[in-house]
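Trainee: Let me give you the structure first, and then I'll get to my questions.
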Amino acid sequence: MHSKRRIVLSTIVMFFATLGLSLTICIDPGHQKEADFSHEQIAPGSETTKARVSTGTRGSSTGIPEYVFNLEFSFMLRDRLLEEGYDVVMTRESHEVNVSNIERAEIANEAKADLCVRIHANYSSESSLKGFMLLVPSASSVHTAPIYEESRKAAEKIHASLLQISGIKSLGIRVRDDMTGFNWSKVPVIIFEAGYMSNPEEDVLLSTQDYREKLVEALVTGIADYFLTK
């Protein structure tokens with residue numbers, strides 16, 4: 001990152017500090033080593049249930065499990081955010097955990113996070129499909145309407161920042177009302193789907209340090225841009 005940009009990012013955090021405020025980011029590295037297929041409610045009071053947590057997908061070329069990618073990437077993002085002066089809360093810091101999607105949302109809620117970023121990679125039966133996407137909670141759901149606007153703003157700023165990476169492909173910002181981690185959240189939240197591990201080329205790209213660093217820097221910049229609008 002250019003030194004001028006780094007100064008801008010740090011200044012944002014310092015500005016909030018002068019107001020007696022700290023900015024807390026919750027990072028949720030999706031999935032875990034062992035799935036827990038017992039069910040939990042998809043939303044408060046809902047009769048619909050889903051598995052508490054799964055292991056995720058696996059790289060079609062690299063064989064890297066998604067839960068491993070998610071945590072490695074999340075550590076990189078955590079370290080950069082800490083460098084910029086943010087407070088960071090992680091929903092997990094190892095693979096040998098059992099933290100359900102409700103529990104992950106509750107960690108962010110209890111931390112009163114200013115933003116929760118959930119890290120994932122994608123899968124499709126169409127191996128040619130590639131590109132990143134951002135998911136946000138629904139404006140029409142009673143459970144997520146209060147956090148939709150801020151979640152959308154954050155996603156738009158992060159999306160714009162990611163588009164600055166040369167050659168990157170975007171599949172846009174998509175609204176979901178069926179995500180347990182969204183429906184239980186009381187703080188702004190997004191899911192960053194970094195790319196398709198089912199696409200052989202993108203899977204290899206996601207495994208490289210250089211590309212991961214580019215994605216992390218774009219996320220950090222987008223997060224800072226979001227707080228500039230608050």
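The values are calculated or read from the model by the stated rules, or taken from the named source; none is laboratory data. Predicted model only: the values in this text are computed from it and were never measured. FYI the Cβ positions are ideal-geometry reconstructions off the backbone, even for glycines, and counts take in every protein chain you see. When the accessible area is computed, the model is the full protein with side chains, heavy atoms only, and any ligands, DNA or RNA have been set aside. Shrake-Rupley method; radii C 1.70, N 1.55, O 1.52, S 1.80 Å.
Trainee: In the list LEU206, LEU135, LEU163, LEU171, which residue meets the criterion of being without any contact (Cβ under 8 Å) to a residue 12 or more places away in the chain and in contact with a strand residue (DSSP E or B) (Cβ under 7 Å, 6 or more places away or on another chain)?
Mentor: LEU163
Trainee: Oh, and also: What is the one condition in (1) under 23 Å from GLU201 (Cβ atoms); (2) in contact (Cβ under 8 Å) with a residue 60 or more places away in the chain that GLU84 does not satisfy?
Mentor: With (1) under 23 Å from GLU201 (Cβ atoms); (2) in contact (Cβ under 8 Å) with a residue 60 or more places away in the chain applied to GLU84, the lone miss is (1).
Trainee: Next up: Given the structure, is ASP203 more than 23 Å from GLU150 (Cβ to Cβ), more than 16 Å from the chain's Cα centre (by Cα), crowded, with 22+ Cβ neighbours inside 10 Å and not polar (S, T, N, Q)?
Mentor: Judged against the criteria, ASP203 is a match.
Trainee: For the range 153-187, name all the residues that are of a type outside the set (Val, Ile, Thr), closer than 25 Å to GLU110 by Cβ and open to solvent by less than 60 Å² (accessible area, probe 1.4 Å).
Mentor: ALA154, ALA155, ASP178, MET179, GLY181, PHE182, ASN183, TRP184, SER185
Trainee: Scanning the range 103-150 for residues that are part of a helix (DSSP H, G or I) and open to solvent by less than 20 Å² (accessible area, probe 1.4 Å), which turns out nearest to PRO44 (Cα to Cα)? Show your work before the answer.
Mentor: Let us first name the residues in the range 103-150 that are part of a helix (DSSP H, G or I), namely 103-110, 145-150.
Narrowing further to those that are open to solvent by less than 20 Å² (accessible area, probe 1.4 Å): 104-105, 108, 147.
On the way: ARG104: 15, ALA105: 12, ALA108: 16, ILE147: 15 Å.
My answer is ALA105.
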